[in-house]
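A.B. asks: Below you will find the structure I want to go over with you.
Coordinate-derived values only; no laboratory data. As the structure is a computational prediction, the values presented were derived from the model and not from experiment. All Cβ positions, glycine included, derive from the backbone under ideal geometry; neighbour counts span all protein chains shown.
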Amino acid sequence: MSLLDTDRTTVRIASREAETAIGDVLRDADSEVHAVGSTGVPAVEPLVLLTEDGRTAFFAACSVGRAEALLTGLEDGFDSVVDGADAVVEHDPNAARLPATDLPELSAGQRTVLGPCGWLRPTDPDDYEAAVGFGGSDPETIRELGAEILGRGWGDWCQDRTLADSWETAREADGDPTVVVNAHGTGADTLLSSSAPFAVLDGAAAVARATDAERIVVYISQDDDHAVDQVETAVWGYPDPPVSMSVVTGPAVYRAAEPTMAIEAIEGNHRLEARLRPPGPDETGIHDRPTVVHTARTVAHLAAALDTGSPADSRLVTVTGDVAAPATVELPERARLAAALDAVDGAEEYKAACVGGRFGGLTDSLDVRAGPESLLDAGLGTEGVVELLGEDRCVVKFVGERAQFAADTNCGRCVPCREGTTQLAELLRDLYDGRYRRDGIEELIGVMERSSICTFGVDAGRPTRTAMTEFESEFHAHADGRCPAGSCPRKAEVSTT
Ligand code: SF4
């Protein structure tokens, strides 16, 4: 039976873990008790949601003691416990999404693409069927939506471009296309794969219909056990799949999310190198067959658009870095990124933010809209990640470590990235010997941006370039032997290490 049509009190426990200590307690309640996956906001989890007759009571960060009190209170009925709730909201009795609440951590943005997360049982097809419905849209309708939706994230072959052109390329290429869902990505891809796997699969099935594909592969990092388990369970439970569906894991390294390296991993190649382009994977992908590569975010966005009839004007944003725990929220594209900070503890004071993932741009202000045009205009990245740096963090040290990470982990296929990242890390180390060569650094980053084969090398210099613009006094200070944050070693210590 679906969670949506029960006439008794329903107890939902929203948490990343399927098994929780409070679940053990509440299992004794005379109610339906279900684990519904994470909301994306760990600060409120485990979150207990009691629902009856179109009212839901929220009990945030519920302890075992509070769960025991709820269990006792529920013996006298739903009304006897709602006074102790952190929030109570009225809603459609058949609400398909976590109802909007004024709990600060859950009030940021909207929950359209994130709708199933923390509300539906992730791997129960009855819940998804009742709330959203497995898609049966015709290919033409799907293609029309694909002409309006942009790919999300650097793991998407269509990052910041509409999907439809890539689909058309795949349809016209030789061989039956494959659809790859690249969930080897940010916290948002992991959240959707774990808490809304049917939305991910349903969106992928729509892409398969639009491209006449014969196969769907969901690609996940091998260290992401929970997401792998959830998607595998959903694959088994997907009713009447239109094409074959499977899960393939890849190495737990950052570069493995690049679309063509994802294809290398899916083919089973141990040496992960990006492929030359053109042609792109939509023309020549897995075993030379056309392969459409989208992130979990992109296909979940498509599934939500098919459900509502139009694409949601929203972006998933994960706040991470110097916070108590990372959180993922869904912001309207017109909203300021700062709105996402309500979802995390510890974000009150920050010195800088790296916007756009591992190789995002540094800024001291999140007063920028969440849509891709605004982010790119501001020189920031569109990856959907805001990494906060606390007041005691050194920006020069941060970008130096990012440059060194790029030098250590690039695939080595092209000179601009392989040599460029190494030289960039050396130029940043030179600061500690009193040499700040801004022109040389900018010229090097320009070459990397223009000449690298894949997005890894194109973006690897962005943290440094933006930091030199926003925080240049810190670069001069380091060249003068001072670290304003007090976190860098002195010159003499650097030169002996
Ligand atoms: S840009 Fe870097 S990661 Fe990409 S192909 Fe070149 S060396 Fe490899």
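A.B. asks: Using the Cα centre as the reference, give the magnitude of the dipole from point charges on the C-beta atoms of region 395-495 (Lys, Arg: +1; Asp, Glu: -1; all else neutral), rounded to the nearest 20 debye.
C.D. replies: Numbers: 14 positive and 16 negative charges, 27 e Å.
Dipole magnitude for region 395-495 comes out near 120 debye.
A.B. asks: Given charges of +1 on the Cβ of Lys and Arg and -1 on the Cβ of Asp and Glu, with all other atoms neutral, how large is the dipole of the chain about its Cα centre, in debye to the nearest 20? Could the numbers behind the result be given before it?
C.D. replies: Values: 42 positive and 86 negative charges, 417 e Å.
Computed charge dipole of the chain: roughly 2000 debye.
A.B. asks: Tell me, for the chain, which Cys residues have no other cysteine's C-beta sitting closer than 4.7 Å.
C.D. replies: Those would be Cys62, Cys117, Cys158, Cys354, Cys394, Cys411, Cys414, Cys417, Cys454, since no other cysteine Cβ in the chain comes under 4.7 Å of theirs.
A.B. asks: How much net charge surrounds Phe471 when only other residues with a Cβ under 12 Å from its Cβ are counted (Lys, Arg +1; Asp, Glu -1)?
C.D. replies: On the way: positive: Lys351, Arg393, Lys397, Arg465; negative: Asp364, Glu470, Glu472, Glu474.
Residues close to Phe471 contribute a combined charge of 0.
A.B. asks: Here's a follow-up. Can you put Glu129, Glu373 in order of Cβ neighbours within 10 angstrom, beginning with the fewest?
C.D. replies: Working: Glu129 14, Glu373 11.
Least to most surrounded, the residues fall as Glu373, Glu129.
A.B. asks: For Cys394, Cys158, what ranking results if the residue with the fewest other Cβ atoms within 10 Å of its Cβ goes first?
C.D. replies: Numbers: Cys394 22, Cys158 25.
Lowest to highest Cβ neighbour count: Cys394, Cys158.
A.B. asks: Counting other C-beta atoms within 10 Å, which of His226, His34 has the fewest, and how do the rest follow? Write out the running numbers ahead of the final one.
C.D. replies: On the way: His226 17, His34 20.
The most exposed by this proxy come first: His226, His34.
A.B. asks: Express in nm, to one decimal, how much length is gained between Asp288 and Asp313 on full extension, taking 0.36 nm for each residue of separation and deducting their alpha carbon distance. Please report the intermediate quantities before stating the final value.
C.D. replies: Details: separation 25, 0.36 × 25 = 9.00 nm, distance 3.50 nm.
Extra length available between Asp288 and Asp313 comes to 5.5 nm.
A.B. asks: So for region 139-308, Kirkwood radius off the Cα pairs, Stokes-Einstein at 4 °C and 1.567 mPa s: how many µm² s⁻¹? Each step should come with its number before you reach the end.
C.D. replies: Working: Rh = 15.2 Å.
Taking Rh from Cα pairs, D becomes 85 µm²/s.
A.B. asks: Please compute the Cα-Cα pair-distance distribution of the chain with 20 Å bins starting at 0, giving whole percents from short to long.
C.D. replies: It works out to 24, 52, 23, 2, in whole percents.
A.B. asks: Okay, moving on. Quick one: what do you get for region 80-185 if you divide its Cα Rg by 2.2 N^0.38 Å? Let's see the in-between values first.
C.D. replies: On the way: Rg = 18.8 Å, N = 106, 2.2 N^0.38 = 12.9 Å.
Working it through for region 80-185, the quotient is 1.45.
A.B. asks: Report the calculated FRET efficiency for Asp174 and Ser487 (r = Cβ-Cβ distance, R0 = 35 Å), to the nearest 0.05.
C.D. replies: 0.05
A.B. asks: I'd like the projected area of region 1-126, averaged over all directions, using the convex hull of its alpha carbons. Report it in nm² with one decimal. All intermediate terms of the calculation are to be shown ahead of the outcome.
C.D. replies: Numbers: hull surface 27.5 nm².
One quarter of the hull surface, i.e. the mean projection, equals 6.9 nm².
A.B. asks: Next question, about the same structure. Which distance in nm do the two modelled labels at Gln222 and Asp364 give, with both placed 7 Å along the Cα-to-Cβ direction?
C.D. replies: Going by the 7 Å Cα→Cβ label model, 4.4 nm.
A.B. asks: Please give the helix 296-308 orientation as an angle from the longest Cα principal axis of the chain, in degrees from 0 to 90, rounded to the nearest 10.
C.D. replies: The helix 296-308 is inclined about 40 degrees to the chain.
A.B. asks: Run the simple label-point estimate for Thr422 and His270 please: 7 Å along Cα→C-beta, distance reported in nm.
C.D. replies: Taking the two extended label points, one gets 2.4 nm.
A.B. asks: How many percent of DSSP beta bridges within the chain run antiparallel, rounded to 5? List each step's numbers first, then the result.
C.D. replies: Values: 30 of 56 bridges.
Bridges in the chain that DSSP calls antiparallel: roughly 55 percent.
A.B. asks: Return, for the Cα atoms of region 395-495, the radius of gyration and Dmax in Å, separated by a comma.
C.D. replies: 13.1, 38
A.B. asks: Can you order the peptides 115-125, 423-433 by their average number of other Cβ atoms within 10 Å per residue, highest first? Provide the component values of the computation, followed by the final result.
C.D. replies: Details: 115-125: 24.8, 423-433: 19.3.
Result, highest mean Cβ count within 10 Å first: 115-125, 423-433.
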